[in-house]
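Engineer: Let me give you the structure first, and then I'll get to my questions.
The values are calculated or read from the model by the stated rules, or taken from the named source; none is laboratory data. Quantities reported herein were computed from a predicted structural model and do not represent experimental measurements. Counting neighbours? That spans all protein chains shown, and the Cβs are built from the backbone with ideal geometry, glycine included.
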Amino acid sequence: MWTKEPTYIVTKKSLVDPRLVKLFSKKVLWGKLTVVENSSTSLSSELAQKRAEKHLATLQNILGKKLKVLKQQLGIKDLQKLLVRKNRILLSVDKEEIRTITGLSDKITVLDINELYEDLRPEYLPGTELKVLVSKKGKEENEGIGYIEAGIKVVVTDGAEFLGKEIDVVVTAGIETNIGKMIFARPKYKEIV
């Protein structure tokens, strides 16, 4: 682990992502945070600017004196010099930003928030048992639809009869779509009528 408290470096562009605030508020990330402005990774819209400022205010409440905001714009070379120091970590949600800032340097430590969240996402393999509230009927006859944590949709074959009930299901398959993960399951127990 760290012998010294880590210092995370984040650009305002990545500060727009609310997951960054969650990681500090839940103490998944601890240490100091330095927010930098970089011309090659600047914010494109007023809405993004407002969101970044809101997250910055929240982080100020969480971190207090451990939060530092560099007002001057840093060029890529200056940002790289800042990052190669010991215990410095670039936090980012943007692959292009990571490539731009790190270049070909293997001396810069990077934590990609997207990869971290993907790695922490639970796996639902066939045979996994879950509890799900069947909240509506599906497109196919006898299909029930429910949702589990992180908004993952569960399509329950023969689940329509359980509408409004929380039931035990067994995962039969799962797919990754452009809008997220979707799980297919069947009821663990069939009601005897």
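Engineer: Can you tell me which residue within the stretch 130-152, out of those that are at positive phi and among the small types (Gly, Ala, Ser), is modelled with the lowest pLDDT? Can you show your working first?
Structural biologist: Going residue by residue through the stretch 130-152, those that are at positive phi are 142, 150-151.
Cutting the leftovers down to among the small types (Gly, Ala, Ser) gives us 150-151.
Working: ALA150: 73, GLY151: 81.
Taking the candidates together, the pick is ALA150.
Engineer: Go through the stretch 45-70 and give me each residue that's closer than 21 Å to GLU5 by Cβ and either among the basic types (Lys, Arg) or in a helix (DSSP H, G or I) (or both). Can you show your working first?
Structural biologist: So the first thing to find is which residues in the stretch 45-70 are closer than 21 Å to GLU5 by Cβ, and the list is 56, 58-70.
Those that are closer than 21 Å to GLU5 by Cβ and either among the basic types (Lys, Arg) or in a helix (DSSP H, G or I) (or both): LEU56, THR58, LEU59, GLN60, ASN61, ILE62, LEU63, GLY64, LYS65, LYS66, LYS68.
Engineer: Can you say whether ALA57 is at pLDDT below 90 and within 21 Å of PRO18 (Cβ to Cβ), as far as the supplied structure shows?
Structural biologist: no
Engineer: Let me ask something else. Counting just the residues of the stretch 54-68 that are within 15 Å of THR11 (Cβ to Cβ) and surrounded by 14 or more Cβ atoms within 10 Å (Cβ to Cβ), which one comes out farthest from the chain's Cα centre (by Cα)?
Structural biologist: LEU67
Listed here are the residues, each with its yes/no results for (1) closer than 16 Å to VAL35 by Cα; (2) in contact with a strand residue (DSSP E or B) (Cβ under 8 Å, 6 or more places away or on another chain); (3) in the same structural domain as LEU163 (by TED's automatic domain parsing).
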position: GLN80; (1), (2), (3): yes, no, no
position: LEU83; (1), (2), (3): yes, yes, no
position: GLU97; (1), (2), (3): yes, yes, no
position: ILE113; (1), (2), (3): yes, yes, no
position: LEU133; (1), (2), (3): no, yes, yes
position: GLY146; (1), (2), (3): no, yes, yes
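Engineer: Look through the stretch 139-157, keep the residues that are among the charged types (D, E, K, R) and more than 18 Å from ARG121 (Cα to Cα), and return whichever of them is surrounded by the most Cβ atoms within 10 Å (Cβ to Cβ).
Structural biologist: The extreme case among them is GLU143.
Engineer: Still on this structure, please answer the following. Considering every residue within the stretch 18-27, establish whether at least one is in a loop (DSSP other than H, G, I, E, B), over 18 Å from GLU5 (Cα atoms) and either in contact (Cβ under 8 Å) with a residue 12 or more places away in the chain or among the aliphatic types (A, V, I, L, M) (or both). Steps first, please.
Structural biologist: Step one: of the stretch 18-27, the residues in a loop (DSSP other than H, G, I, E, B) are 26-27.
With over 18 Å from GLU5 (Cα atoms) added as a condition, the list becomes none.
Taking every residue of the stretch 18-27 in turn, none turns out to be in a loop (DSSP other than H, G, I, E, B), over 18 Å from GLU5 (Cα atoms) and either in contact (Cβ under 8 Å) with a residue 12 or more places away in the chain or among the aliphatic types (A, V, I, L, M) (or both).
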